[in-house]
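**Student:** Below you'll find the structure I mean.
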Amino acid sequence: MMNLNNRKLTKKLLVASIVTVFSLSTSISSVLAQDIQVATATTPPVNDGLPDPGFTIDTATTAIVITDPQVDFLSPQGVTWGVVGKSVTDNGTVENLEKLFKVAQTVDMPVFVSPHYYFKHDHKWKFEGALEQLMHSIGMFDRKGQLSLEGFEGSGADWLPQYKPYINNGKTVVTSPHKVYGPETNDLVLQLRKAGISKIILAGMSSNLCTESHMRELVEQGFEVQVVTDATAGAITEHYNGYEASLVNFRFIASHIDNTENTVTAIQSAYR
């Protein structure tokens, strides 16, 4: 009789233990699930399964790099607005880029702009990628010539008007144009090295093309890179979402990704 009672007691204790462990496991899973936040344009990642190396702003060696802050990408009058407009609007890209320009000017932080221009001889290329062909066919970023500003003011290749006071302030470095997507074809890396810059806060257009290509090359060149996720945007077509594609790669490759609000706060704190 005693053995039977012991067995019953043991069984009850075992069942109670299993229930307790299951409940505890469920509670932990629930808490962890609540703490997981996958990166979006405006929210940085939390417990998304990837490490976050982080990014500390050193005022002596950190600069902002902006790709293609130009009319053709960022204005309803631009030739790409039909495919980038939704992403630009949803992310608040125009406003967020201005916030980066503004805080940089306020604290005297170095800014480098890597623009995209096409001259007449660029239209004689013998082969092109899909988006290169599209950009050439719609006259994107076209200029009359390297040494002429005829027709430049207000054109698709021009800066967005609200950025001009920051870019034309005599301090911002405007590099030679990149020709496909990355800075391999311009002097951005040279300008950064000569200025003693080793850490980059990256933003601009277009997310999965020029911005991502700049990120990749700068990382390969040994720069530490943070991407500002809502200060960029990408083309969205019937079958493809360029911004979503770039966000994954920003997270996988950059040292850190964050939104404009947090980035501006970090810059202000670093310069106090």
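Read-outs throughout are calculated quantities, based only on the coordinates presented, and are distinct from any laboratory measurement. Keep in mind it's a predicted model, so treat the numbers as computed, not measured. FYI the Cβ positions are ideal-geometry reconstructions off the backbone, even for glycines, and counts take in every protein chain you see.
**Student:** Which of Tyr271, Tyr163 comes first, and how do the rest follow, when ranked by fewest Cβ neighbours within 10 Å?
**Tutor:** Tyr271, Tyr163
**Student:** I would also like to ask the following. Give me Ser207, Ser176, Ser213 sorted ascending by neighbouring Cβ count inside 10 Å, so fewest comes first.
**Tutor:** Going from least to most buried by this count: Ser176, Ser213, Ser207.
**Student:** Sorted from largest down, what three extents in whole angstroms do the Cα atoms of the stretch 76-149 have along their principal axes?
**Tutor:** 45, 32, 21
**Student:** If you average the C-alpha positions of the stretch 35-63 and of the stretch 205-272 separately, how far apart do those two centres end up, in angstrom?
**Tutor:** 10
**Student:** In addition: In what sequence do Met109, Met215 fall when counting other Cβ within 10 Å, fewest first?
**Tutor:** Met109, Met215
**Student:** Which of the GluC sites (Glu not before Pro) found in the stretch 139-237 are loop residues per DSSP with 14 or fewer other Cβ atoms within 10 Å of their Cβ? Working shown, then result.
**Tutor:** Numbers: sites: Glu150, Glu153, Glu184, Glu212, Glu217, Glu220, Glu224; in loops: Glu150, Glu153.
Answer in residue order: Glu150, Glu153.
**Student:** Given C-alpha coordinates of the stretch 40-191, what is the ratio Rg to Rh with the Kirkwood estimate of Rh?
**Tutor:** 0.98
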